[in-house]
Amino acid sequence: MATETMVEPTRRDFLFIATGAAGAIAVGSIVWPLIDQMNPDASTLAAANTEVDLANIAEGQIVTVKWRGKPVFVRHRTQKEIDAARAVPMSELRDPATDESRAQKPEWLIVIGICTHLGCVPLGHQGQYDGWFCPCHGSVYDTAARIRQGPAPYNLYLPPYKFLSDSKVSIG
Amino acid sequence: MSGHSTYIPKSDLARWFESRLPIIGLIHSSFIVFPNPRNLNYWWTFGGILAFMLMSQIVTGVVLVMHYTPETTLAFDSVEHIMRDVNYGWLLRYAHANGASMFFIAVYIHMFRGFYYGSYKAPREVLWLLGVVIYLLMMATGFMGYVLPWGQMSFWGATVITSLFSAIPVVGNSITTWLWGGYSVDNATLNRFFSLHYLLPFMILGVVILHIWALHVAGPGNPVGVEKKSPKDTLAFHPYFTVKDGFALVCFLIFYAWFVFYIPNFLGDADNYIEANPLQTPVHIVPEWYYLPFYAILRSIPSKLGGVIAMFGAIVLFAFLPWLDRSPVRSGNYRPVFKIFFWIFVAVTLALGYIGSQPPEGNMVLYGQLLTAYYFIFFLVILPLIGLFETPLPLPASIAESVLSPVKPPAAPAAATSSAEH
């Protein structure tokens with residue numbers, strides 16, 4: 001190494017850094033709006049809740065409703081389906097979750113109908129566990145909409161929802 | 001771009017103009033007197049065909065936009081309106097949709113030609129990399145264009161491909177939401193795809209200009225892979241190669257016209273004549289044919305993130321070719337071992353394309369996994385090893401010798417020598 005020299009910072013060095021910093025902030029503040037405009041807009045964020053009348057859904061039936069542009073499955077589960085979901089040991093699950101944690105009321109399973117693999121809509125009452133089967137890449141979900149086979153990494157997501165009465169639920 | 005121009009302006013006006021903007025001289029030296037290797041075969045005509053296809057797509061595309069409406073409730077109907085009501089709308093749309101397929105057929109032939117003849121080797125690495133960039137831009141453009149008619153395959157193809165980004169750990173879902181502009185593929189998505197589908201072809205055009213610039217720095221490769229050394233090795237671009245390229249283009253256009261006029265929907269999917277329905281996925285989703293090999297690789301890996309990495313990796317590997325293939329010999333004609341594995345690779349890629357078009361059931365998954373394994377092993381293991389261990393055939397001294405004195409290198413002694421060495 002050559003001799004180490006300590007050069008006193010000059011006024012010009014300060015101006016360089018100050019100009020560079022101001023330039024970086026200016027560029028960032030211009031670029032951010034250009035990027036953020038692609039995020040969901042106010043009208044999308046304000047999408048209203050979806051209310052579902054449960055009285056019309058027979059036992060064993062799955063009804064698909066639209067919430068925030070996505071399908072939501074409302075499944076009126078039979079006792080057999082509930083028992084099947086509860087009998088599964090956690091060790092068999094890829095994304096372990098108890099059936100109790102998946103449904104506020106055991107007979108009503110409410111999940112977002114989007115396969116967690118690549119976003120297709122799974123088909124109800126199909127697949128080995130009689131839950132859902134995704135036709136795109138073969139993911140299989142059980143009667144608690146938990147992933148059991150195929151490429152999807154997670155269980156079907158749960159939307160926020162609350163029961164307004166015994167026969168009415170509000171999703172969102 | 002090969003040294004200074006030999007263009008001599010003939011009129012006072014031309015002289016006046018040339019001294020202010022020497023663009024005619026640039027065109028003259030690049031496309032009139034440019035010394036091309038005299039032995040270029042018809043595989044070298046696809047560059048010109050691709051330039052034509054890019055211009056054809058831009059022209060038909062600009063015209064289609066005059067009649068198309070990028071809004072989810074109107075897009076599908078506006079495409080049908082183009083097909084039924086607009087004067088020659090059916091011709092323009094079929095020419096544009098099939099033109100995309102022709103563009104990809106030509107680019108795949110162009111890429112495999114470069115692969116076989118070692119066109120990516122020094123001093124043409126940057127030329128090759130620019131080609132990979134063009135290919136990536138083409139894939140993005142083709143994908144977004146397919147979304148615009150807003151049919152079932154448009155919608156679900158867009159959903160599946162954009163969801164690939166949700167495999168990224170931590171930020172994946174935020175990125176997907178950002179790409180969509182909402183919580184699903186919807187109007188915001190359609191509008192931005194339309195905007196980008198219009199923009200990207202002009203970016204492709206810009207990179208194509210760089211690609212041709214880089215091509216004219218080193219000059220094109222050629223089938224024997226020996227660099228041009230003397231004027232005897234070359235012929236002027238015009239008329240020799242303008243005529244050859246022109247003839248190949250006419251043949252290609254006949255093929256293209258056959259699709260447009262006789263089987264315009266052969267490469268499409270019937271499901272795309274059903275309007276997009278966000279609540280119902282078609283039973284069997286397939287992308288356009290030109291993505292099928294990569295789609296098969298995606299489905300072969302039984303993990304979401306792993307599949308996405310493998311799929312993008314399969315494309316990105318092309319960018320590393322100049323450094324994976326260490327053989328000093330360019331042309332596959334003189335590489336007996338490379339040639340075998342190269343043609344296996346071509347067959348594997350085509351087979352992956354077939355598997356990508358089939359439902360992921362039964363043995364298809366297993367075959368897909370085996371072929372995916374070969375795809376990666378070829379790039380990462382076989383290709384570097386061949387470069388080390390292969391004994392190439394003797395190269396001709398010059399391009400002129402290979403063409404003018406077809407003295408077959410005594411095949412038997414040459415083979416005997418190379419086998420004696422081992």
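The values are calculated or read from the model by the stated rules, or taken from the named source; none is laboratory data. Just so you know, these numbers come straight off a predicted model, no measurement behind them. Please note: Cβ atoms are built from the backbone with ideal geometry, for glycine as well, and neighbour counts cover all protein chains shown. Ligands, DNA and RNA are stripped out before the accessible areas are found, and what is left, the full protein with its side chains, is counted by its heavy atoms. Shrake-Rupley method; radii C 1.70, N 1.55, O 1.52, S 1.80 Å.
Structure data summary
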{"read-out": "Verdict on B:Tyr146 being in contact with a helix residue (DSSP H, G or I) (Cβ under 8 Å, 6 or more places away or on another chain), open to solvent by less than 10 Å² (accessible area, probe 1.4 Å) and in contact (Cβ under 8 Å) with a residue 12 or more places away in the chain", "value": "no"}
{"read-out": "Contacts under 6 angstrom Cβ, first residue in the stretch B:302-319 being away from chain A (no Cβ under 11 Å) and farther than 11 Å from A:His117 by Cα, partner at pLDDT below 95 and open to solvent by 20 Å² or more (accessible area, probe 1.4 Å), 6 or more apart", "value": "B:Ala310/B:Ile301"}
{"read-out": "Residue match in the stretch B:268-282 (condition: among the β-branched types (Val, Ile, Thr), more than 10 Å from chain A (Cβ to nearest Cβ), open to solvent by 40 Å² or more (accessible area, probe 1.4 Å) and in a loop (DSSP other than H, G, I, E, B))", "value": "yes"}
{"read-out": "Residue in the stretch B:185-197 that is closer than 28 Å to B:Gly145 by Cα and more than 14 Å from chain A (Cβ to nearest Cβ) present", "value": "yes"}
{"read-out": "Among residues of the stretch B:298-307, those that are under 23 Å from B:Gln152 (Cα atoms) and either modelled with pLDDT of 90 or more or β-branched (Val, Ile, Thr) (or both), counted", "value": "1"}
{"read-out": "Residue in the stretch B:229-236 that is within 22 Å of the chain's Cα centre (by Cα) and part of a helix (DSSP H, G or I) present", "value": "no"}
{"read-out": "Selected residue (criterion: farthest from the chain's Cα centre (by Cα)) from residues of the stretch A:139-154 that are in contact (Cβ under 8 Å) with a residue 40 or more places away in the chain and under 21 Å from B:Ser300 (Cα atoms)", "value": "A:Arg148"}
{"read-out": "Subset of the stretch B:323-349 [open to solvent by less than 50 Å² (accessible area, probe 1.4 Å), in contact with a helix residue (DSSP H, G or I) (Cβ under 7 Å, 6 or more places away or on another chain) and over 18 Å from B:Ile301 (Cβ atoms)]", "value": "B:Leu324, B:Asp325, B:Ser327, B:Gly332, B:Phe338, B:Phe342, B:Phe345, B:Val346"}
{"read-out": "Of all residues making up the stretch A:118-145, the number that are more than 9 Å from every other protein chain (Cβ to nearest Cβ) and among the β-branched types (Val, Ile, Thr)", "value": "2"}
{"read-out": "Which numbered condition B:Ile285 misses (of (1) crowded, with 20+ Cβ neighbours inside 10 Å; (2) at pLDDT 95 or above; (3) hydrophobic (A, V, I, L, M, F, W, C))", "value": "(2)"}
{"read-out": "Any hit, the stretch B:213-221, residues being away from chain A (no Cβ under 14 Å), assigned to a helix (DSSP H, G or I) and among the aromatic types (Phe, Trp, Tyr)", "value": "yes"}
{"read-out": "Condition check for B:Val207: over 30 Å from B:Leu74 (Cβ atoms), out of contact with any Asp or Glu (no Cβ under 6 Å at 6 or more places or on another chain) and open to solvent by 30 Å² or more (accessible area, probe 1.4 Å)", "value": "no"}
{"read-out": "Options B:Phe76, B:Phe52, B:Phe46; residue that is part of a helix (DSSP H, G or I) and farther than 23 Å from B:Tyr108 by Cβ", "value": "B:Phe76"}
{"read-out": "Residue that is within 30 Å of A:Leu158 (Cβ to Cβ), hydrophobic (A, V, I, L, M, F, W, C) and open to solvent by 40 Å² or more (accessible area, probe 1.4 Å), where the choices are A:Ala85, A:Ala58", "value": "A:Ala58"}
{"read-out": "Complete set of residues in the stretch A:132-156 that are open to solvent by less than 10 Å² (accessible area, probe 1.4 Å) and over 24 Å from B:Gln358 (Cβ atoms)", "value": "A:Asp142, A:Thr143, A:Ala144, A:Ala145, A:Arg146, A:Asn155, A:Leu156"}
{"read-out": "One residue from B:Ala257, B:Ala296 being in a helix (DSSP H, G or I), free of Cβ contacts under 8 Å to residues at least 60 places away in the same chain and of a type in the set (Gly, Ala, Ser)", "value": "B:Ala257"}
{"read-out": "Condition check for B:Phe165: within 14 Å of another protein chain (Cβ to nearest Cβ), farther than 30 Å from B:Lys339 by Cα and aromatic (Phe, Trp, Tyr)", "value": "yes"}
{"read-out": "Lone qualifier among B:Met203, B:Met153 - being more than 14 Å from chain A (Cβ to nearest Cβ), assigned to a helix (DSSP H, G or I) and touching a residue at least 40 places away in the same chain (Cβ under 8 Å)", "value": "B:Met203"}
{"read-out": "Among residues of the stretch B:39-59, those that are over 14 Å from the mean Cα position of the chain (by Cα) and surrounded by fewer than 19 Cβ atoms within 10 Å (Cβ to Cβ), counted", "value": "6"}
{"read-out": "Count of the stretch B:229-267 residues which are open to solvent by 70 Å² or more (accessible area, probe 1.4 Å), closer than 16 Å to B:Pro35 by Cα and not hydrophobic (A, V, I, L, M, F, W, C)", "value": "5"}
{"read-out": "Checking B:Ile161 against (1) of a type in the set (Val, Ile, Thr); (2) within 14 Å of B:Phe193 (Cα to Cα); (3) part of a loop (DSSP other than H, G, I, E, B), the condition it does not meet", "value": "(3)"}
{"read-out": "Criterion: at negative phi, within 29 Å of the chain's Cα centre (by Cα) and without any contact (Cβ under 8 Å) to a residue 60 or more places away in the chain - qualifying residue of B:Met66, B:Met102", "value": "B:Met66"}
{"read-out": "Conditions (1) modelled with pLDDT under 95; (2) crowded, with 20+ Cβ neighbours inside 10 Å; (3) within 28 Å of B:Leu137 (Cα to Cα): number failed by B:Ser29", "value": "(3)"}
{"read-out": "Some residue of the stretch B:119-137 being open to solvent by 30 Å² or more (accessible area, probe 1.4 Å) and within 12 Å of another protein chain (Cβ to nearest Cβ)", "value": "no"}
